[in-house]
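Just below is one structure, and these are the notes that go with it.
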């Protein structure tokens, strides 16, 4: 059994903050809609657009081999080689203002080491607030997971949900162009989204990987379209990877929305509430 990592030195990063400024333009909204229509709700500012705002602008020379920002700045220098979105929560307070400044203030709030089935895991929790026109518009918690490469690319077993059910809203098969455009919108240079040779050779996936935030955006907008309103609280979790060529089904039932493949394997799950 693998020994649990010593994360005591990493806990010095708890409480570390990062503040980024941006400006929400109509052209960004147009590019976001051009990328994701017809999957978006009718909100004036598309839901999920905040993941394209106030992003770190890291020089290419300061990126790691995998395309991520080198660790040890805002995020702690976890020794495990792979970093992914594990889940989180978005709370909507007010709509972001168009043609107005946006400020994101983020804080590392927790760092926890765990033992998974295939080895060490380190979870880093980042809490963020997005302000526009002097109003708190969005609160967010992101749970990042760091793990070894040998634990990747293994989807969960089917969960028993019938793929052809009344909960199915629509399906799509992501293309390389969609992944490229979304990476560009979010200034995401992680190579698993565009470099197929790297993805197969070094991270063990059969093909390019569909972004977690992209799946969250699809679910968030489907909920808004179905309920005809923006959900107050959207809590989400990544369950299994989705790779290029796989069809994604978008389901909604009750307060739950989720992505799954044609065999019923869930990849991304979320719940919504009005509180």
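The values are calculated or read from the model by the stated rules, or taken from the named source; none is laboratory data. A quick note: this is a predicted structure, and the numbers were derived from the prediction, not measured. Cβ atoms come from the backbone with ideal geometry, glycine included; neighbour counts cover every protein chain shown.
Selection of the range 247-260 for residues being surrounded by fewer than 19 Cβ atoms within 10 Å (Cβ to Cβ), touching a strand residue (DSSP E or B) at 6+ places or on another chain (Cβ under 9 Å) and in contact (Cβ under 8 Å) with a residue 40 or more places away in the chain yields only 247.
Can you tell me which residue is nearest to residue 231 (Cα to Cα) among those in the range 68-84 that are without any contact (Cβ under 8 Å) to a residue 24 or more places away in the chain and surrounded by 13 or more Cβ atoms within 10 Å (Cβ to Cβ)?
Filtering first and then ranking leaves 69.
Looking only at residues of the range 52-83 that are part of a strand (DSSP E or B) and touching a helix residue (DSSP H, G or I) at 6+ places or on another chain (Cβ under 8 Å), we find that the one that is farthest from residue 15 (Cα to Cα) is 82. Filtering the range 138-153 for residues that are closer than 17 Å to residue 240 by Cβ and loosely packed, with under 14 Cβ neighbours inside 10 Å leaves a non-empty set. Taking the criterion of being surrounded by fewer than 17 Cβ atoms within 10 Å (Cβ to Cβ) and in contact with a strand residue (DSSP E or B) (Cβ under 6 Å, 6 or more places away or on another chain), the residues of the range 85-96 that qualify are 93, 94. The residue that is farthest from the chain's Cα centre (by Cα), among those in the range 46-67 that are buried (at least 17 other Cβ atoms within 10 Å of the Cβ) and under 20 Å from residue 105 (Cα atoms), is 54. Restricting attention to the range 119-174, the residues that are in a loop (DSSP other than H, G, I, E, B) and either out of contact with any helix residue (DSSP H, G or I) (no Cβ under 9 Å at 6 or more places or on another chain) or modelled with pLDDT of 95 or more (or both) add up to 19.
Pick from 182, 198, 194: which is within 28 Å of residue 43 (Cα to Cα) and modelled with pLDDT of 95 or more?
Being within 28 Å of residue 43 (Cα to Cα) and modelled with pLDDT of 95 or more holds for just one of 182, 198, 194, which is 182.
Entry remark, the range 126-137: residues being closer than 24 Å to residue 211 by Cβ and surrounded by fewer than 18 Cβ atoms within 10 Å (Cβ to Cβ) number 2 in total. Do the conditions hold for residue 116, that is, is it under 23 Å from residue 238 (Cα atoms), loosely packed, with under 13 Cβ neighbours inside 10 Å and touching a helix residue (DSSP H, G or I) at 6+ places or on another chain (Cβ under 8 Å)? Here the answer is yes, as residue 116 does meet what is asked.
Farther than 23 Å from residue 138 by Cβ, surrounded by fewer than 18 Cβ atoms within 10 Å (Cβ to Cβ) and over 17 Å from the mean Cα position of the chain (by Cα) - does that describe any residue in the range 15-31? No, the range 15-31 contains no residue that is farther than 23 Å from residue 138 by Cβ, surrounded by fewer than 18 Cβ atoms within 10 Å (Cβ to Cβ) and over 17 Å from the mean Cα position of the chain (by Cα). What do you reckon, is residue 213 in a loop (DSSP other than H, G, I, E, B), touching a helix residue (DSSP H, G or I) at 6+ places or on another chain (Cβ under 9 Å) and either at pLDDT 95 or above or surrounded by fewer than 16 Cβ atoms within 10 Å (Cβ to Cβ) (or both)? No; evaluated as a whole, the condition is false for this residue. Contact annotation: residue pairs with Cβ atoms under 8 Å, 6 or more positions apart or on different chains, pairing a residue in the range 186-203 that is without any contact (Cβ under 8 Å) to a residue 24 or more places away in the chain with a partner that is surrounded by fewer than 17 Cβ atoms within 10 Å (Cβ to Cβ) and outside any loop (DSSP other than H, G, I, E, B), are 193/180; 194/176; 194/180.
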